[in-house]
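**Q** Structure provided below as structure tokens; questions to follow.
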């Protein structure tokens, strides 16, 4: 219960502060409108939660394969469902930002854009596979195996490819930590950003628990009726 | 106590032989892959007409043709077991790893047959001669190993699903994407006549991908096969 109040207060504070405070970007360095950089407070936490959710889904799938306990399958599905939603959010906000600052919605040489799009394709495949399998246990096992294969392929893509092809990337990567490894955020920006990260993570955890509980009740009632 | 020392090479070879025999009787997958690659190549060549795009486009087109031709036929190795209801006998006869490796080798054989037909046609129809032919062939072969190595387990997964063909392509694409990027890069270098050193990073990536994906398939196949 206390969690919900924290999420409410933190989210409200982040939304207000993100628009009241001056933009986190230095106007002299800004490409395009400086206010576009306010998206930093929402886009980065959404992308972080998408990545976190992908990892949660992968860990729960591995645990299902190890224990064959249906509850881990429910957890994997919940994580992947939320991961899909947050990936879509990060993709859309990032794409709008790209249009406002770099002049185009989409650029295939930008590995972060591409990898989040691949993430959406993976989720699409995952749910297509689940809906095509009718037996509960087969569905849980096969989709867990597929998740692990997807994860390894995605790791290849995300970590190995950019090192081999140093593609031209416009994505700001020195926003949080600069090239010397020091914090490059001003204290106020860092505070709002930290609050936003905490709020998004708490929101994710809350949604995740609700989804898992919901599917538990659904399965219980389905078995009894 | 059952004997622990299984004759792996023998079992794998037997599975491969059985695949060859049953494929030879129907020639379903063989025809599908060959015809699909021919049709796609014809469409590509025909629609390009008199235009001759650069080697970048040619390398990408070559792998697009290969990918879709593979997607049309490779799922058949496991789908036919489910359709003929012979999977149970295979489970009794051979350990899971032997079944998987035998079928990976069979799929690789299928892809090599396709490539033997496709590469000369590609050269003739699209007037694209690889300047460094040895690099071209090694990139192609590593790519084909990766194609069969990573999609055979996906074939086993979709063989139990209700929509097989479309699902196979949908699930394969994200898995094959690193392979396609690396293979297109190698093919491009070989088309413009670069040497092995120029294509070394993607070659390394492709080799690592093949090893990792085949190992992962072998590790995970037990879960699928005994379901």
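**Q** Which of the following residues is free of Cβ contacts under 8 Å to residues at least 12 places away in the same chain and more than 9 Å from chain B (Cβ to nearest Cβ): A:102, A:106?
**A** Of A:102, A:106, the one residue that is free of Cβ contacts under 8 Å to residues at least 12 places away in the same chain and more than 9 Å from chain B (Cβ to nearest Cβ) is A:106.
**Q** May I pose another question? Quick check: is even one residue across region A:22-32 part of a helix (DSSP H, G or I) and touching a residue at least 60 places away in the same chain (Cβ under 8 Å)?
**A** No - not one qualifying residue is present in region A:22-32.
**Q** Name every residue in region A:138-161 that is more than 7 Å from chain B (Cβ to nearest Cβ) and more than 13 Å from residue A:54 (Cβ to Cβ), in order of residue number.
**A** Passing the criteria: A:139, A:140, A:143, A:144, A:159.
**Q** Identify all residues within region A:156-185 that are surrounded by 13 or more Cβ atoms within 10 Å (Cβ to Cβ) and either part of a helix (DSSP H, G or I) or modelled with pLDDT of 70 or more (or both); write none if there are none.
**A** A:156, A:157, A:158, A:160, A:161, A:162, A:164, A:185
Okay, residues lined up against (1) out of contact with any helix residue (DSSP H, G or I) (no Cβ under 7 Å at 6 or more places or on another chain); (2) within 11 Å of another protein chain (Cβ to nearest Cβ); (3) in a helix (DSSP H, G or I):
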residue: B:153; (1), (2), (3): no, yes, yes
residue: B:166; (1), (2), (3): yes, yes, yes
residue: B:170; (1), (2), (3): no, yes, yes
residue: B:177; (1), (2), (3): no, yes, yes
residue: B:182; (1), (2), (3): no, yes, yes
residue: B:189; (1), (2), (3): no, no, yes
residue: B:194; (1), (2), (3): yes, no, no
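**Q** Counting only residues that are within 7 Å of chain A (Cβ to nearest Cβ) and surrounded by 20 or more Cβ atoms within 10 Å (Cβ to Cβ), which one in region B:155-164 is nearest to the chain's Cα centre (by Cα)?
**A** Once the filter is applied, the top-ranked residue is B:157.
**Q** Would it be correct to say that residue A:195 is crowded, with 17+ Cβ neighbours inside 10 Å, away from every other protein chain (no Cβ under 14 Å), over 19 Å from residue A:57 (Cα atoms) and modelled with pLDDT of 90 or more?
**A** yes
**Q** Among the residues in region B:203-225, are any closer than 15 Å to residue B:97 by Cβ, surrounded by fewer than 19 Cβ atoms within 10 Å (Cβ to Cβ), more than 8 Å from chain A (Cβ to nearest Cβ) and out of contact with any helix residue (DSSP H, G or I) (no Cβ under 7 Å at 6 or more places or on another chain)?
**A** yes
**Q** Given the criteria within 12 Å of chain B (Cβ to nearest Cβ), part of a helix (DSSP H, G or I) and surrounded by 16 or more Cβ atoms within 10 Å (Cβ to Cβ), does residue A:62 qualify?
**A** For residue A:62, the condition - within 12 Å of chain B (Cβ to nearest Cβ), part of a helix (DSSP H, G or I) and surrounded by 16 or more Cβ atoms within 10 Å (Cβ to Cβ) - is met.
**Q** Let me ask another. Please state which of the following conditions residue B:198 fails to meet, knowing it meets all the rest: (1) more than 20 Å from residue B:104 (Cβ to Cβ); (2) within 13 Å of chain A (Cβ to nearest Cβ); (3) modelled with pLDDT under 90; (4) within 19 Å of the chain's Cα centre (by Cα).
**A** Checking residue B:198 against (1) more than 20 Å from residue B:104 (Cβ to Cβ); (2) within 13 Å of chain A (Cβ to nearest Cβ); (3) modelled with pLDDT under 90; (4) within 19 Å of the chain's Cα centre (by Cα), the one that fails is (4).
**Q** Restricting attention to helices (runs of 4 or more DSSP H) lying wholly within region B:22-138, give those where 1 or more residues are in contact with a helix residue (DSSP H, G or I) (Cβ under 6 Å, 6 or more places away or on another chain) and surrounded by 19 or more Cβ atoms within 10 Å (Cβ to Cβ).
**A** Ranges flagged: B:28-48, B:55-73, B:76-84, B:96-126.
**Q** Being crowded, with 19+ Cβ neighbours inside 10 Å, in contact (Cβ under 8 Å) with a residue 24 or more places away in the chain and more than 8 Å from every other protein chain (Cβ to nearest Cβ) narrows it down to one residue among A:127, A:86; which is it?
**A** None of the other options fit; the residue is A:86.
**Q** Suppose we filter A:96, A:116 for residues that are over 26 Å from residue A:71 (Cβ atoms), more than 9 Å from every other protein chain (Cβ to nearest Cβ) and surrounded by 19 or more Cβ atoms within 10 Å (Cβ to Cβ); which single one remains?
**A** Selected residue: A:116, the only one of A:96, A:116 that is over 26 Å from residue A:71 (Cβ atoms), more than 9 Å from every other protein chain (Cβ to nearest Cβ) and surrounded by 19 or more Cβ atoms within 10 Å (Cβ to Cβ).
The values are calculated or read from the model by the stated rules, or taken from the named source; none is laboratory data. What you see is a predicted model, and the numbers here were worked out from it, not measured in a lab. Please note: Cβ atoms are built from the backbone with ideal geometry, for glycine as well, and neighbour counts cover all protein chains shown.
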